[in-house]
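Undergrad: Below you will find the structure I want to go over with you.
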Amino acid sequence: MMVQTSRRSTRLAAAAAHDSYKYKPKRKSSKHHGKLIASSLVVSSYFNGQGISTSSCAFTPPHQSARQSSTFLKNRVHSNSEFINSNKPKVSKYFARKNASTDSDLKSDKIKSEKEVKSELYDENDESVQRTQSFAPLSHLTFNPNSSLEIHTLILGTHPSITSLAESQYFGHPMNAFWWIAGDNLGFRRASGVSPSSGKPYQLAKDLLYSEEHIIPYEEQIRLFTSHGFALWDICRSCERKGSLDMDIKKEEPNQIREFCKEHPSIKRIVLANGTTGATFFNRHFKDWWQSGDLRPGMNKESIKVFQRFAKVANDFENSRIECICGLGVSPAAAKFSYIQKRDFYMEHCYGPGLADHERLNTN
């Protein structure tokens, strides 16, 4: 009869077999046939280069006592650890210092901004997560309530990050691509593009279309943005979240985006600026909007992937009015896409058609 052993026992047995030891489990009695005599060994080893804790080793060599077996296993673990440590790749002190410096440069801005606002948003002694609120919708009406300008494109974030809440700005993190992309499409530059902590340019700075002579303040950026018929809002009105990642958002409540679009029937497209994660929240809270047939997916592959599933319930989008585009994530967390890839995407699917609509809708 084959004796079933535990996974931990099997691992140690394999290690012992390497030194030509053949372990056979002792039978306790005919009454307990097939069971192993458990010895209370607790060893810690790196097995195949990974840390594995093993306990209750349940076998003893037939020619050794339990104490002798324990000594053998401890020596075996020690020799394995020495072998693994001696074969770890060595990194020169120069490259170790250089890598540490680079990591610090990349993270310094985020860490600094979070520290600035953390005391305002969260009580460090309070383990509960505070709810945060998004901003009001941003459009030409923000500056001129009597304006007759037509909105053609509504761009949606998910929920303001810690940095955005601290600065009271949409997409406030200095390495978020949103305002850099908007500037390249509308003729301005967001900022110098130099990290205040390291004094080095951000990686995206070399790809910007406009020089530092075209830098304008945030207030002027949003005026220029909205004066071309673009509007900006968030999917989630409020939520609970530790940190700034969309995936950590919990207990969210949506903004009244459908009502906003009814108030502005000239809106032709909705662009989700945080990729598939933002699309997940949009689909969750506006499923009935999809089912009404008022929306249709954009023609890019990202939109088709996340929205095409509504085709059956929306009559293949035949009577749709608004194109819904899942954009590439503008967050620095969406690092799989370069700045140029993101800018080209929004130029093709957002700003290019949006500016054409603006000229058509608002030309007297």
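Undergrad: Scan the stretch 169-182 and give yes if some residue there is over 28 Å from Arg258 (Cα atoms), modelled with pLDDT of 90 or more and in contact with an Asp or Glu (Cβ under 6 Å, 6 or more places away or on another chain), otherwise no.
TA: Yes, some residue in the stretch 169-182 is over 28 Å from Arg258 (Cα atoms), modelled with pLDDT of 90 or more and in contact with an Asp or Glu (Cβ under 6 Å, 6 or more places away or on another chain).
Undergrad: Just to verify a result, which residue in the stretch 123-151, among those that are within 25 Å of Ala334 (Cβ to Cβ) and open to solvent by less than 70 Å² (accessible area, probe 1.4 Å), is modelled with the lowest pLDDT?
TA: Val129
Undergrad: List the number of the failed condition for Lys242; all other conditions in (1) modelled with pLDDT of 95 or more; (2) farther than 17 Å from Ile325 by Cα hold.
TA: Just one mismatch for Lys242, condition (1).
Undergrad: Of Val306, Val313, which residue is β-branched (Val, Ile, Thr) and at pLDDT 95 or above?
TA: On inspection, the qualifying residue turns out to be Val306.
Undergrad: So how many residues does the stretch 252-261 have that are in contact (Cβ under 8 Å) with a residue 40 or more places away in the chain and open to solvent by 70 Å² or more (accessible area, probe 1.4 Å)? Full working, then the answer.
TA: Initially, the stretch 252-261 is screened for residues in contact (Cβ under 8 Å) with a residue 40 or more places away in the chain, giving 252, 255, 257, 260-261.
Checking which are open to solvent by 70 Å² or more (accessible area, probe 1.4 Å) leaves us with none.
Residues in the stretch 252-261 being in contact (Cβ under 8 Å) with a residue 40 or more places away in the chain and open to solvent by 70 Å² or more (accessible area, probe 1.4 Å): 0 in total.
The values are calculated or read from the model by the stated rules, or taken from the named source; none is laboratory data. This is a predicted model, so every value here is computed, not measured. Because the Cβ atoms are built from the backbone with ideal geometry, glycine has one as well, and the counts that use them run over all protein chains shown. Side chains are part of the model used for accessible areas, which takes the heavy atoms of the whole protein and leaves out ligands, DNA and RNA. Shrake-Rupley method; radii C 1.70, N 1.55, O 1.52, S 1.80 Å.
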